[in-house]
Amino acid sequence: MIKKMKSSRFTGILFVLPSLAGVAIFILVPFLDVIKRSFTSVMAGEWVGFSNYQAIFTNGAFQMAAKNTFRFLIICMPILLGLSLAISVCLDKQTKFGQLLKSAYLVPMAVPVASVVIIWRVLFHKQGILSGLMGMLGITAIDWMNSKYAFWVLVFSYVWKNVGYNIVLWMAGLSAIPGSIYEAAKVDGASEWQIFYKITLPNLGKVSYTIAILSLLNSFKVFREAYLVAGNYPHDSMYLIQHLFNNWYRELSLDKLSAAAVIVALVITVIVLRLSNVFYGEEKG
Amino acid sequence: MKRKLILILLIILAGLICYPILFLVSGSFMSSQELKENLKPLITDYTDTYISIGLIPIFPTLKNYVEILLDSPEFFVMFWNSVKMVVPIMALQLVAGVPAAWGFAKYQFPCKKVLFTIYIILMMMPFQVTMLSNYLVLDKLNLINTHLAIILPAGFSTFPVFIMYRFFSDIPKEVIEAAKIDGAGAIQVFRYVAIPIGSAGIISAMVLSFLECWNLIEQPMTFLSDQSKWPLSLYLPTITPETAGSAFASSIIGLIPAILVFMAGQDYLEKGIMASAVKE
């Protein structure tokens, strides 16, 4: 019996090994080198302690990029989560066209970044379609991508691409709530809002953590659109941490790049660990 | 009544969401004359007119597509480059990722939790954070400026493992036990139980991977200095009123494989998205 257990432990590792080897070779081991580099100078490779970290935290570009990225997450995540939840609650009650509408919301997910870029140029050009619409309301043309609105274009872009994905996620959560609870509440004379707050929301708690993690993951991808539309140095309001990494890489500021990579990796680790009880809570079963 | 009102709102919203794609499609069939007229505000200093693209071309034409498909050899090279990268990446994700997801889902071994947490953390990392690590090892292996520099790191992405893991953990213990009692070994259980039952998960992970790989931007730009090796995702024609037609057509051609894969896999994808959200 004990022998069998041991062999089963061994097989588990064997299944994981090919993937783990690749991950170790291409990311984990070199990342150790990056950690080492974050404590050394770029030219001589001497030990410099925390001075690279000091350098990035006092760096204006880093502060701006970190602030923008943080602001982006704080603003776009609630918008996306709220909007997609609202839509899926409405969609959940529609029997007709439900599937078709869901597909329509999912389409932007499949649109390649290069096509998105062309769409953005036509929509958000100073004389573009959006300005045209605004013109009808008597608002003068705005060069959306080169003003403080650039940030909002990015938010819009993120919500547009991910709303369908999140709707499907929420609807999965909604379908897991037993209908009998709703029936009981209705019998007790609860209003629709009461049902939403007292039944729907609390029952979605667990799902919403996973949705938050996946939304966060996807939020880092807006950089592609931002980069292809506006290049290395976009309007200040949409200068993200990824732009900064890119620029440091091109300028070979590898000391700063290493230190910043370690910091971002740490931040992500903290976020994931805080949510990991959710992942592991689900794993048991 | 109220339900109908909501339905109408939902349909309007769907229209808004799909509108940008529709005008792209419509624009790709417009004659150069019509596009020039529509996109005039792009270059000149008009301040009283705006870009407008109707959803139905007045004189539909295939000229833009012919131009791209017959007169733009670089477009084909890039399309082919994309295929040369996407196929091996996905193959590698299957070969390495499927067993890994199975191992994580159904076996106990030391450090499993720590390892899986590391996988999740790696999945979350934007490319820029691991860019330098990738570069260091690719440089050492002399792979910079080859397609392998893109294929290898992406092939070991941990995201598909995460998606497939969810599906595999859903397979009831009893099914596996039954197979074992019938004398199936670990490999046979994997081959004849895990893969067929978890196929929805595998397909949905692959659809998501395809959409990801078809859109690789940062990796090829960083690791491929030779532009003749760039994938289609980096084919970015400038749009002026004169060239807009072929720009629209090329972006539609780039969109077609993504839409096809997306439609073919949508049911699985939905199941996949769902499985990652709901786990009893």
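Brief remarks on what is shown
- For the range A:181-220, the set of residues classified as closer than 30 Å to B:VAL129 by Cβ and touching a residue at least 40 places away in the same chain (Cβ under 8 Å) consists of A:LYS206, A:SER208, A:TYR209, A:THR210, A:ILE211, A:ALA212, A:ILE213, A:LEU214, A:SER215, A:LEU216, A:ASN218, A:SER219, listed by residue number.
- Every residue from the range B:96-121 that is of a type in the set (Ser, Thr, Tyr) and within 18 Å of B:VAL189 (Cβ to Cβ): B:TYR107
- Residues in the range A:208-243 that are out of contact with any Leu (no Cβ under 7 Å at 6 or more places or on another chain) and of a type in the set (Val, Ile, Thr): A:THR210, A:VAL229, A:ILE241.
- A:LEU204 meets all of the listed conditions (1) modelled with pLDDT of 85 or more; (2) within 13 Å of chain B (Cβ to nearest Cβ) but one, namely (1).
- Residue match in the range A:267-275 (condition: more than 11 Å from every other protein chain (Cβ to nearest Cβ) and over 18 Å from B:VAL129 (Cα atoms)): yes
- Cross-chain or 6+ apart pairs with Cβ under 8 Å, the range B:130-146 first and in the same structural domain as B:LEU224 (by TED's automatic domain parsing), then among the charged types (D, E, K, R) and modelled with pLDDT under 95: B:MET131/B:GLU218; B:LEU132/A:ARG37; B:SER133/A:ASP33; B:LEU136/A:ASP33; B:ASN145/B:ASP226; B:ASN145/B:LYS229; B:THR146/B:LYS229
- Check on B:ASN81, surrounded by 15 or more Cβ atoms within 10 Å (Cβ to Cβ), touching a residue at least 40 places away in the same chain (Cβ under 8 Å), in contact with a Pro (Cβ under 7 Å, 6 or more places away or on another chain) and more than 9 Å from chain A (Cβ to nearest Cβ): yes
- Scanning the range B:1-46 for residues that are part of a loop (DSSP other than H, G, I, E, B), of a type outside the set (Val, Ile, Thr) and surrounded by fewer than 19 Cβ atoms within 10 Å (Cβ to Cβ) yields B:MET1, B:SER31, B:ASP45, B:TYR46.
- Condition broken by A:THR95, with the remaining ones in (1) closer than 30 Å to B:LEU269 by Cα; (2) surrounded by 17 or more Cβ atoms within 10 Å (Cβ to Cβ); (3) at pLDDT below 90 satisfied: (2)
- Count of the range A:235-246 residues which are under 15 Å from A:VAL155 (Cβ atoms) and assigned to a helix (DSSP H, G or I): 2
- Taking the listed residues B:ILE144, B:ILE181, the one that is surrounded by fewer than 19 Cβ atoms within 10 Å (Cβ to Cβ) and closer than 20 Å to B:LYS229 by Cβ is B:ILE144, with no other qualifying.
- Selection count, the range A:252-261, where residues are more than 9 Å from chain B (Cβ to nearest Cβ) and either at pLDDT 90 or above or in a helix (DSSP H, G or I) (or both): 3
- Per the listing A:ILE167, A:ILE139, A:ILE177, the residue uniquely over 30 Å from B:ILE256 (Cα atoms), in contact (Cβ under 8 Å) with a residue 12 or more places away in the chain and of a type in the set (A, V, I, L, M, F, W, C) is A:ILE177.
- Among the residues listed as B:LEU7, B:LEU16, B:LEU42, the single one being of a type in the set (A, V, I, L, M), over 30 Å from A:ASP92 (Cβ atoms) and not assigned by TED's automatic domain parsing to the domain that holds B:GLY245: B:LEU42
- Among (1) touching a Leu at 6+ places or on another chain (Cβ under 8 Å); (2) among the hydrophobic types (A, V, I, L, M, F, W, C); (3) within 9 Å of chain A (Cβ to nearest Cβ) - the single one B:LEU234 does not satisfy: (1)
- Candidate set from the range B:88-112 (those that are more than 22 Å from B:GLU212 (Cβ to Cβ) and at the interface with another protein chain (Cβ under 7 Å from one of its Cβ atoms)); member that is nearest to the chain's Cα centre (by Cα): B:GLY103
- Residue in the range B:230-252 that is modelled with the highest pLDDT, counting only those that are within 19 Å of the chain's Cα centre (by Cα) and not hydrophobic (A, V, I, L, M, F, W, C): B:PRO231
- Restricting attention to the range A:39-96 and to residues that are small (Gly, Ala, Ser) and free of Cβ contacts under 8 Å to residues at least 40 places away in the same chain, the residue that is farthest from A:ILE195 (Cα to Cα) turns out to be A:ALA44.
- Residue within the range A:100-108 that is within 17 Å of A:PHE156 (Cβ to Cβ), polar (S, T, N, Q) and either more than 8 Å from every other protein chain (Cβ to nearest Cβ) or in a helix (DSSP H, G or I) (or both) present: no
- Residue satisfying all of: in the range B:114-165; among the hydroxyl-bearing types (Ser, Thr, Tyr) and assigned to a helix (DSSP H, G or I); nearest to the other protein chains (Cβ to nearest Cβ) among these: B:SER133
The values are calculated or read from the model by the stated rules, or taken from the named source; none is laboratory data. Worth saying up front: this structure is predicted, and the values here are computed from it rather than measured. Cβ: placed from backbone, ideal geometry, glycine included. Neighbour counts: every protein chain shown.
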